[in-house]
Each structure stands twice: as C-alpha cells, then as structure tokens.
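One structure is given below, encoded as structure tokens.
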Amino acid sequence: MTEFGFIETIRRRFADLPSNAFEGIGDDCAVLPVGGGESLLFTSDLLTEGVHFLRAATSARELGGKALAVNLSDIAAMGARPVATLLSLALPADAAGRWAEEFMEGYHALSARYGVALVGGDTTRSEGGITINVTAIGRCADRCIKRRSDARAGDTILVAGVLGASGAGLRDLLAGRYDTSLAALHRNPEPQVDEGQWLGEREEVHAMMDLSDGLASDLGHILDRSGLGAEVETARIPVAEGADLRTAACGGEDYKLLLTAAPDAAGRLAADFAARFGTPLYPIGRITAGSGVKWLRDGEPVALDWQGFSHY
Ligand code: ADP
Ligand code: MG
C-alpha cells in the first residue's frame with residue numbers, strides 16, 4: 001500500500017470516533033477552534049536515519065534546524081504563527097552525547113529566531129538509527145486559516161519561490177558531494193514562516209500548502225481536497241539555479257508555499273509580496289473544473305510522467 005493509501009485507510013477507520021471539535025486528517029495541520037475567533041493548529045513530522053537523512057552527510061546542528069523547519073513549514077502553510085513544539089528523540093549510544101548537544105543547538109537557534117517554545121517531548125535509547133519526531137503547535141485567527149480544500153475554479157496558482165534546489169542538493173549528497181551549495185540548501189531548508197502568516201492575512205488567497213513532496217504530488221492534494229483540476233504551464237515553473245525542470249516539479253523538500261488566489265487580485269498580491277519579502281510569487285497556472293493536473297507546454301497539453309518525490 002502507498003503512504004497515501006495507508007493514510008486514507010486510517011482516516012476512514014477512525015471516522016466513527018468523535019472529532020472533539022477538531023478538523024481532522026488531510027491538511028498540513030489539524031485545526032482546533034478554541035473560541036474568541038482563534039484556533040490552535042497541530043502538526044507532526046518524523047525524520048528517520050537512512051530514510052530522511054544520512055548521518056555522514058549532515059551535521060547534527062543542521063539536522064536540529066531541519067527537524068524543526070519542516071514542522072514550522074506546515075504551520076506556515078495554513079497561515080498560522082508557530083508558538084510551541086514537543087520534541088521526541090530515539091538516540092543510539094553513539095549519538096547520545098556530543099551529537100545530541102549539537103542537534104539541540106540547531107533546534108534552539110531556529111526556535112529562538114521565531115520565538116517558539118519547547119514545551120515537552122520524550123527521549124529514549126535506540127538500538128537502531130536515530131529517529132526524531134517533532135510536533136509543532138501554531139495559533140491563528142480563524143479568518144486567516146488557509147486550507148488545501150479552498151481552491152476555486154479560475155484561481156491563479158502561485159509558488160512562493162524557486163523549486164528544485166533541494167532535489168538537486170539531494171542528488172549531490174547521494175553522489176558523495178556534501179560540500180556544494182545545493183547540498184547545503186537541502187540540509188538547511190528555510191521555512192516561510194513570515195510569508196505564510198502574511199499570506200494568511202490576505203483574503204484573495206484561497207488554498208495554501210507547503211511543498212514537501214514536490215509540486216507534481218502536492219498540487220494534487222489541493223485538487224483532490226478542493227474537488228477541482230488544474231492547468232500548469234511548465235515553462236512558468238520557477239527552476240532554481242543548478243536544478244532542472246523535472247527536479248523542480250518532482251523533487252521534494254523545497255518547503256516553498258504553494259497557493260491559489262482570486263485571478264483578478266493575483267497580480268496585486270504578487271507585487272505586494274515582492275515589495276514585502278524581496279522575492280516574487282510565481283504564477284504557474286490556474287485551477288479548473290475537473291480533476292488532476294494538465295501540464296502544458298506553450299499552451300498545448302504535454303504527456304509527462306511526473307510524479308512526486310520519495311526519500312533516499
Ligand atoms: P505533510 O507533507 O504536510 O506533513 P502528509 O502528506 O505527510 O502531510 O500527510 C497528509 C495528511 O495525513 C496530514 O493531514 C497528516 O496529518 C495525516 N497523517 C499522516 N500520517 C498519519 C498517521 N499515521 N495517522 C494519522 N494521520 C496521518
Ligand atoms: Mg505540508
């Protein structure tokens with residue numbers, strides 16, 4: 001069974017249980033309205049040695065930053081502000097001392113940058129590799145929450161940065177080239193924490209998520225949850241320097257925001273975004289009726305076997 005097939009089975013199996021006011025499985029975060037026009041948001045991500053990282057190819061400090069960054073990205077993806085995390089570590093004996101201290105240094109530095117508290121977790125011994133689980137908690141005004149399910153037909157699809165750098169960096173790492181700038185980008189993703197909150201405030205932004213599994217896979221989640229389709233002009237996909245188009249579309253872990261916005265307001269939104277953050281919002285296509293992504297080259301449909309990304 002695929003990862004998404006398994007998640008869908010879980011979702012159905014547990015649908016008989018009370019939701020206790022939560023919006024459940026299927027978005028970047030679970031959402032709990034807490035009154036006063038606000039909600040708390042919860043997300044959890046697991047990093048496991050040999051699957052998500054190779055110990056020889058990353059420093060402990062970098063991994064501490066990345067373990068937190070990928071969770072902050074999911075909070076930002078819904079327009080929320082990260083407020084706290086819980087951190088659980090399973091550490092083999094050879095990572096329990098200095099390695100763990102350096103890991104915590106990286107985790108602390110990124111926590112400090114965004115004013116995020118560390119409020120709990122668990123620590124245990126591992127007989128295998130290192131496993132890291134982070135749960136992040138965010139807070140958001142209800143009116144600012146951006147869901148995957150809120151795309152509308154006609155919306156412009158935008159990406160908040162160039163794509164493919166992380167995938168190209170992974171290629172370098174797997175070839176044993178640990179010291180390239182792309183490999184460094186792969187190890188040190190920058191979650192769009194301020195950008196996500198800023199986009200959350202904008203009413204013309206309808207659906208949003210973060211790109212962790214690659215555009216080709218992740219756009220599909222917005223389409224499935226919104227019950228719509230899309231046309232994407234492949235020439236408009238912003239490709240990072242050193243990457244190619246296929247990696248930009250299929251490589252994972254860029255952690256850039258993917259959003260849909262009212263077409264008449266998208267130009268203004270992009271201009272304001274550029275003025276605020278100094279980087280463009282790239283329009284790559286539009287939401288349509290139907291289902292699935294239609295890839296275009298110069299306006300004509302092209303058959304591409306593009307799929308999302310799986311780890312090492
Ligand atoms: P993301 O890439 O944003 O972290 P995923 O694609 O990993 O999201 O997960 C999709 C959805 O499935 C999310 O809502 C996530 O919370 C949920 N999910 C993933 N694994 C599980 C699980 N084992 N049990 C319950 N929900 C899960
Ligand atoms: Mg996500």
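The values are calculated or read from the model by the stated rules, or taken from the named source; none is laboratory data. Predicted model, so just to flag it, every value in this text is computed and none were measured. Because the Cβ atoms are built from the backbone with ideal geometry, glycine has one as well, and the counts that use them run over all protein chains shown.
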Test result for L72, more than 14 Å from ligand 1 (Cβ to nearest atom), among the hydrophobic types (A, V, I, L, M, F, W, C) and in contact with a strand residue (DSSP E or B) (Cβ under 7 Å, 6 or more places away or on another chain):
no
Being over 20 Å from the mean Cα position of the chain (by Cα) and at pLDDT 95 or above narrows A67, A100, A84, A77 down to just A100
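Identify the residue in segment 48-92 that is in a helix (DSSP H, G or I) and charged (D, E, K, R) and, among all such residues, is nearest to D142 (Cα to Cα).
The selected residue is D74.
Yes or no, residue by residue, for (1) under 27 Å from F4 (Cα atoms); (2) not assigned by TED's automatic domain parsing to the domain that holds M104:
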| position | (1), (2) |
| --- | --- |
| N133 | yes, no |
| D155 | yes, yes |
| S181 | no, yes |
| D194 | no, yes |
| V205 | yes, yes |
| R225 | yes, yes |
Of the residues L163, L174, L182, only one is more than 22 Å from T288 (Cα to Cα), over 14 Å from the mean Cα position of the chain (by Cα) and buried (at least 21 other Cβ atoms within 10 Å of the Cβ); which?
L182
Do we find that G64 is away from ligand 2 (no atom under 16 Å from the Cβ) and crowded, with 17+ Cβ neighbours inside 10 Å in this structure?
yes
Identify, from the list L118, L110, the residue that is touching a residue at least 40 places away in the same chain (Cβ under 8 Å), in contact with a helix residue (DSSP H, G or I) (Cβ under 9 Å, 6 or more places away or on another chain) and either assigned by TED's automatic domain parsing to the domain that holds L63 or of a type in the set (A, V, I, L, M, F, W, C) (or both).
L110
